[in-house]
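Presented below is the structure to which this report refers.
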Amino acid sequence: PPPPGDGPPSTPGPWGPGAGQWSSDSQPGGYAPAGPVEQPGPIRTAVMLMRVGAVLSALSVLFTFLQTDAIRDAIEDADSSLSESDVDSVVAFTLGFAVVVGLLSIGLWLWMAAANGQGKRWARTVATILGGLSILFTLLSFAQDGTTTLNVALSLVSLALAAVILWMLWRPESSAYYDRM
């Protein structure tokens, strides 16, 4: 066969117009993808739920600020020898840490939503690992003392969200979508 570019532009075959595209007779079963591949319902749902997860992460950060007094009380109860200035520093660090973790969480949710929506196989794997870790850490958080009703409610929603998203990502229609992409 001649090297690419040696034949005239109208030469049929692998070097002519449409090079790199499947023809209906070159693919087993006559399959010829035409245009963009439509997301199946489970993928659309998973992407939407991932965006909901990003919103919940933002709300969680805001709720942390509403619990500043409870954080302060927990710090004072844990170590009564701390000065007021020390307690203020620990509260500020705790709030700052919550903001950083929340922003990272929001970013991960949005990144996974975009990548899975595009049918990237690696994104489904990463989302599965992150979802599994989320489920594990949520279950472990129930064993902690001092969890508020709000924390438990957010944890239960997060647990359900992760489980449903993982189920949606691994549905047969979703697997077929990842294969096509």
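The values are calculated or read from the model by the stated rules, or taken from the named source; none is laboratory data. Just so it is clear, the model here is predicted, and its values are computed rather than measured. FYI the Cβ positions are ideal-geometry reconstructions off the backbone, even for glycines, and counts take in every protein chain you see. We work out accessible area using only protein heavy atoms, side chains counted, and drop any ligands, DNA or RNA first. Shrake-Rupley method; radii C 1.70, N 1.55, O 1.52, S 1.80 Å.
Every residue, every condition in (1) over 16 Å from the mean Cα position of the chain (by Cα); (2) open to solvent by 80 Å² or more (accessible area, probe 1.4 Å); (3) over 22 Å from LEU49 (Cα atoms), yes or no:
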position	(1), (2), (3)
ASP86	yes, no, yes
VAL90	yes, no, yes
LEU104	no, yes, no
LEU108	no, no, no
ALA113	no, no, no
GLY132	no, no, no
ALA160	no, no, no
ALA176	yes, no, no
MET181	yes, yes, no
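Restricting attention to segment 61-82, and to residues there that are open to solvent by less than 50 Å² (accessible area, probe 1.4 Å) and of a type outside the set (A, V, I, L, M), which single residue is farthest from the chain's Cα centre (by Cα)? Lay out the reasoning, then the answer.
To start, the set of residues in segment 61-82 that are open to solvent by less than 50 Å² (accessible area, probe 1.4 Å) comprises 61, 64, 67-68, 71, 75.
Subsequent filtering for residues that are of a type outside the set (A, V, I, L, M) retains 64, 67-68.
Details: THR64: 22, GLN67: 26, THR68: 28 Å.
Here the answer is THR68.
Mind counting the residues in segment 154-181 that are hydroxyl-bearing (Ser, Thr, Tyr) and without any contact (Cβ under 8 Å) to a residue 60 or more places away in the chain?
Matching residues across segment 154-181 total 3.
Kindly indicate whether LEU95 is farther than 17 Å from LEU49 by Cα, among the aliphatic types (A, V, I, L, M) and open to solvent by less than 40 Å² (accessible area, probe 1.4 Å).
Working: farther than 17 Å from LEU49 by Cα: yes; among the aliphatic types (A, V, I, L, M): yes; open to solvent by less than 40 Å² (accessible area, probe 1.4 Å): yes.
Spelling it out, LEU95 is indeed farther than 17 Å from LEU49 by Cα, among the aliphatic types (A, V, I, L, M) and open to solvent by less than 40 Å² (accessible area, probe 1.4 Å).
The conditions are (1) surrounded by fewer than 12 Cβ atoms within 10 Å (Cβ to Cβ); (2) over 17 Å from LEU49 (Cα atoms), and SER141 fails exactly one of them. Which is it?
(1)
Restricting attention to segment 41-86, which residues are more than 16 Å from SER134 (Cβ to Cβ) and among the basic types (Lys, Arg)?
Residues satisfying the conditions are ARG44, ARG72.
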